[in-house]
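I'd like to ask some things about the structure below.
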Amino acid sequence: MLNMFKGKIHRATITEANLNYVGSITIDKELMERANIIAGERVQIVNNNNGNRLETYVIEGERNSGIICLNGAAARLVQPGDTCIIIAYCWLSEEEAKTYKPNIVFVDEQNKPVEVSHEEVHGDIR
């Protein structure tokens, strides 16, 4: 089995950082669905502003709210306004991995989806 890139939300803007909440990342349900991410799933968050990388699990946020909130200790690694990439992975057989197409959700500054792709973009600095 290979651990493969399943889906991501590209350049999402952190809307909140809540140190006093019990762990996780809260993500707008619409973005979760488009990126093929479900509640409770482990994700990697890459902060484009400071280079921090962390893993946590997902909590479903209000649909179309644009919320991207890091909770608990992870809140120390981001600031509201930072942009991040939220990446989910899955296990696939080598045969499945050869044809699998991840969901890539590109968002605007308010975390509204502007494009969903099923092909990794190389060399594009969106």
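Looking at the structure I just gave you, is residue 39 aliphatic (A, V, I, L, M), at pLDDT 95 or above and assigned to a loop (DSSP other than H, G, I, E, B)? Outline the logic, then answer.
Details: aliphatic (A, V, I, L, M): yes; at pLDDT 95 or above: yes; assigned to a loop (DSSP other than H, G, I, E, B): yes.
Spelling it out, residue 39 is indeed aliphatic (A, V, I, L, M), at pLDDT 95 or above and assigned to a loop (DSSP other than H, G, I, E, B).
So, of the residues in segment 93-118 that are assigned to a strand (DSSP E or B) and either open to solvent by 60 Å² or more (accessible area, probe 1.4 Å) or charged (D, E, K, R) (or both), which turns out to be nearest to residue 64 (Cα to Cα)? Lay out the reasoning, then the answer.
Of all residues in segment 93-118, those assigned to a strand (DSSP E or B) come to 103-107, 113-117.
Those still in the list that are either open to solvent by 60 Å² or more (accessible area, probe 1.4 Å) or charged (D, E, K, R) (or both) too: 114-115.
Values: 114: 13, 115: 15 Å.
For segment 93-118, the residue satisfying everything is 114.
Of everything in segment 1-30 that's among the hydroxyl-bearing types (Ser, Thr, Tyr) and over 11 Å from residue 66 (Cα atoms), which residue is surrounded by the most Cβ atoms within 10 Å (Cβ to Cβ)?
So, considering only residues that are among the hydroxyl-bearing types (Ser, Thr, Tyr) and over 11 Å from residue 66 (Cα atoms), the one surrounded by the most Cβ atoms within 10 Å (Cβ to Cβ) is 24.
Now for a separate question. Could you tell me which numbered condition residue 51 fails, if it satisfies all but one of (1) touching a strand residue (DSSP E or B) at 6+ places or on another chain (Cβ under 7 Å); (2) on the phi > 0 side of the Ramachandran plot; (3) surrounded by fewer than 15 Cβ atoms within 10 Å (Cβ to Cβ)?
Going through (1) touching a strand residue (DSSP E or B) at 6+ places or on another chain (Cβ under 7 Å); (2) on the phi > 0 side of the Ramachandran plot; (3) surrounded by fewer than 15 Cβ atoms within 10 Å (Cβ to Cβ) one by one, residue 51 breaks only (1).
Look through segment 69-92, keep the residues that are among the hydrophobic types (A, V, I, L, M, F, W, C) and farther than 16 Å from residue 36 by Cα, and return whichever of them is surrounded by the fewest Cβ atoms within 10 Å (Cβ to Cβ).
Here the answer is 73.
Let me ask something additional. Say whether the condition of being open to solvent by 60 Å² or more (accessible area, probe 1.4 Å), acidic (Asp, Glu) and under 12 Å from the mean Cα position of the chain (by Cα) is met by at least one residue in segment 31-47.
Checking segment 31-47: at least one residue is open to solvent by 60 Å² or more (accessible area, probe 1.4 Å), acidic (Asp, Glu) and under 12 Å from the mean Cα position of the chain (by Cα).
The values are calculated or read from the model by the stated rules, or taken from the named source; none is laboratory data. All values reported here derive from a predicted model rather than from experimental measurement. Ideal geometry is used to build each Cβ from the backbone, glycine not excepted, and the neighbour counts take in all protein chains shown. When the accessible area is computed, the model is the full protein with side chains, heavy atoms only, and any ligands, DNA or RNA have been set aside. Shrake-Rupley method; radii C 1.70, N 1.55, O 1.52, S 1.80 Å.
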